[in-house]
1. Output the residues belonging to segment 96-126 that are of a type in the set (A, V, I, L, M) and within 13 Å of the chain's Cα centre (by Cα).
2. Count, please, the residues in segment 187-222 that happen to be closer than 16 Å to VAL164 by Cβ and in a strand (DSSP E or B).
3. Condition first: free of Cβ contacts under 8 Å to residues at least 24 places away in the same chain, open to solvent by less than 90 Å² (accessible area, probe 1.4 Å) and over 20 Å from the mean Cα position of the chain (by Cα). Now tell me which residues in segment 218-228 satisfy that.
4. Could you pull out the residue among ARG233, ARG156, ARG145, ARG179 that is touching a His at 6+ places or on another chain (Cβ under 8 Å) and open to solvent by 80 Å² or more (accessible area, probe 1.4 Å)?
5. Within segment 70-93, work out how many residues are part of a loop (DSSP other than H, G, I, E, B) and open to solvent by 10 Å² or more (accessible area, probe 1.4 Å).
6. For segment 184-201, how many residues meet the condition of being of a type in the set (A, V, I, L, M) and crowded, with 17+ Cβ neighbours inside 10 Å?
7. Considering each residue of segment 60-75, count those that are small (Gly, Ala, Ser) and at pLDDT 95 or above, and give that number.
8. Considering segment 94-131 alone, what residues qualify as being touching a Pro at 6+ places or on another chain (Cβ under 9 Å), of a type in the set (Gly, Ala, Ser) and open to solvent by less than 10 Å² (accessible area, probe 1.4 Å)?
Amino acid sequence: FVELRDGTVLCSIFTYMGEPEGGEWKDPELAVRVRLVRSFDGGRTWEKKSRLLRTPFSYDETDGPLVRMKDGSVLVAINGRPKTGPPDQAAVFRSTNRGRTWKMLGTVQAKHDLQEVTVAELPSGELVMMARPEGDICWSHDRGRTWTVPVTFGMRMYAPSLYVLQDGTLLCLHGSYGRGGLRVIFSRDGGHTWIAAGKDHGFLVDQAYGYGKAMELPDGSLFVTYLATGGHRTSDAQ
């Protein structure tokens with residue numbers, strides 16, 4: 001979720017209908033796709049029909065938080081499988097009309113998958129992006145149109161979520177491949193160097209499955225929600 005300046009609440013989801021037969025969905029409507037839906041009363045009621053994010057990929061998804069920009073627009077970062085095949089790429093979309101329509105700004109690719117991507121706007125106006133599984137990080141100096149080459153700093157992670165705190169600190173909440181659990185690392189220089197518990201793991205939030213989201217409260221503390229268990233089985237959802 002993200003709340004826009006006028007009170008509109010925008011929510012991104014992706015639909016998952018199972019794996020395709022032979023590597024390709026016979027019905028494109030059944031493919032994994034990012035959709036967006038809005039509420040105009042604080043989340044009490046929602047639009048009856050979600051909006052499909054039109055992308056150049058054969059399928060796509062997003063886990064990263066939506067970003068309300070300083071200029072009032074909103075960004076969503078996704079990962080998708082090119083129609084020519086793997087690896088997965090990242091892409092950033094922008095809306096200037098409260099999530100009604102979206103325009104793709106640019107794409108990012110590496111020699112390996114870029115998945116569960118997340119993006120944040122730094123105090124300098126730069127954008128920073130991180131991705132699963134290698135913890136790749138890159139920056140954009142032109143509002144998301146072009147990006148630096150993704151680089152990794154040795155910390156493998158899943159479901160990273162980036163947040164810029166009130167004091168300018170960049171925080172990454174993520175699931176850890178190194179030690180397991182939901183963990184955080186933080187940076188004072190926009191993601192170029194990181195403060196962490198170890199070279200391959202961050203500070204422990206909870207020894208849980210992960211997939212967390214955070215928000216900074218007015219007093220500067222962080223409120224975090226996450227999955228306690230694996231989440232992949234029906235019993236977990238129940």
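The values are calculated or read from the model by the stated rules, or taken from the named source; none is laboratory data. The structure presented is a predicted model; accordingly, all values stated were derived computationally and were not measured. All Cβ positions, even for glycine, are placed from backbone atoms using ideal geometry, and neighbour counts span all protein chains on display. Surface accessibility is based on the protein's heavy atoms, side chains included, excluding ligands, DNA and RNA. Shrake-Rupley method; radii C 1.70, N 1.55, O 1.52, S 1.80 Å.
1. Result: LEU114, VAL117, VAL119, ALA120.
2. Final tally of qualifying residues: 7.
3. SER221
4. ARG179
5. 9
6. Within segment 184-201, the subset of a type in the set (A, V, I, L, M) is 184-185, 195-197.
From the residues that got through so far, the ones that are crowded, with 17+ Cβ neighbours inside 10 Å too are 184-185, 196.
Result for segment 184-201: 3.
7. Number satisfying all stated conditions: 1.
8. Here is the first cut: in segment 94-131, the residues touching a Pro at 6+ places or on another chain (Cβ under 9 Å) are 104, 107-120, 129-131.
With of a type in the set (Gly, Ala, Ser) added as a condition, the list becomes 110, 120, 131.
Of everything in segment 94-131, those that are touching a Pro at 6+ places or on another chain (Cβ under 9 Å), of a type in the set (Gly, Ala, Ser) and open to solvent by less than 10 Å² (accessible area, probe 1.4 Å) turn out to be ALA120, ALA131.
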